[in-house]
Amino acid sequence: MNTDSAAHRGAGHEPHPLAGPRPTTGGPVRRTLLRTALTGAAALGAGIAAARPAAAATSAPAAGPRPGTPQEALAELAAGNRRWRAFRERHPHETPAIRRTLTTAQHPFAVVLGCIDSRVPPELVFDQGLGDLMTVRTAGEVLDEAVLGSVAYGVLELGIPLVVVLGHQSCGAVRAAVEAEQSGGRLPAHIQYLADQISPAIDHSTEGEARIDATVDANVRLVRSRLAAEPDLAAKIGSGALAIVGARYELTNQVVHRVS
């Protein structure tokens, strides 16, 4: 993953994926979530990499060990995004053998909390396959109890070492929130809820399209900070077992880069 927050403006270098500060503010997580209902799914065996049969010669290369640390997970996502934007996708982990393995276990290595935008599917922009990513998608990456519970389940029950909050260029939910604030009008039905959640991130130091663009980044930072302050997740961050990072996808050049 390109970690330069100015990558979409033409910068060519890619600093280390973990460069940048970690956030420290937010609200409580409720771990009643899915634990009782999904206890069976949490007992998953020794891992996909150990149990996976070799892929057929005509398929994508066989997978190596699963990323087990935040650094390894970020490196894998960065490599996948490089393949995606170079049109060299591998479409990994789709073989019949992999599908059979995944009927009894899953060991995703990253949670991606992204937008519902149809142009930004995480498995494609990171060139990952079945069993690789646990994706949670809401308009504008908005958090609620269901989203918090889903992210917490991935981290606390499945041992996922990385959470990526993935915003994107030209986010319609962010635009709606900015324009609603400017007009003073109310949005239809539940769309107003989304705007209310994004509203604290609106960047008032800019105007017009620049305000919308800056608010995309500010919203990623806000969501990341709220997640990182959840007590159970914060404990994982403190031990080094988890990283929560903000990132942004550029529609114009398909680059994913860090928002720090």
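The values are calculated or read from the model by the stated rules, or taken from the named source; none is laboratory data. Source: prediction; values computed, not measured. Note that we place each Cβ from the backbone using ideal geometry, even for glycine, and neighbour counts take in every protein chain shown. Surface accessibility is based on the protein's heavy atoms, side chains included, excluding ligands, DNA and RNA. Shrake-Rupley method; radii C 1.70, N 1.55, O 1.52, S 1.80 Å.
How many residues, within segment 132-149, are without any contact (Cβ under 8 Å) to a residue 40 or more places away in the chain and in a helix (DSSP H, G or I)?
Result for segment 132-149: 2.
R248 passes all but one of (1) free of Cβ contacts under 8 Å to residues at least 60 places away in the same chain; (2) open to solvent by less than 10 Å² (accessible area, probe 1.4 Å); (3) closer than 24 Å to A152 by Cα; which number fails?
Going through (1) free of Cβ contacts under 8 Å to residues at least 60 places away in the same chain; (2) open to solvent by less than 10 Å² (accessible area, probe 1.4 Å); (3) closer than 24 Å to A152 by Cα one by one, R248 breaks only (1).
Counting only residues that are open to solvent by 30 Å² or more (accessible area, probe 1.4 Å) and assigned to a helix (DSSP H, G or I), which one in segment 150-174 is farthest from D217 (Cα to Cα)?
That would be E157.
Going by the structure shown, is A177 assigned to a helix (DSSP H, G or I) and of a type in the set (A, V, I, L, M)?
When the stated conditions are applied, A177 passes them.
Among the residues that make up segment 199-209, is at least one of them closer than 24 Å to G154 by Cβ, polar (S, T, N, Q) and either part of a helix (DSSP H, G or I) or open to solvent by 40 Å² or more (accessible area, probe 1.4 Å) (or both)?
No, because not a single residue in segment 199-209 is closer than 24 Å to G154 by Cβ, polar (S, T, N, Q) and either part of a helix (DSSP H, G or I) or open to solvent by 40 Å² or more (accessible area, probe 1.4 Å) (or both).
Just to check your reading of the model, which residue among T135, T95, T103 is of a type outside the set (G, A, S), open to solvent by 10 Å² or more (accessible area, probe 1.4 Å), in contact with a helix residue (DSSP H, G or I) (Cβ under 7 Å, 6 or more places away or on another chain) and modelled with pLDDT of 95 or more?
T135
Of everything in segment 229-239, what is part of a loop (DSSP other than H, G, I, E, B) and closer than 13 Å to V155 by Cα? Give them in sequence order. Walk me through it before giving the result.
Here is the first cut: in segment 229-239, the residues part of a loop (DSSP other than H, G, I, E, B) are 229-230.
Selection gives E230 alone.
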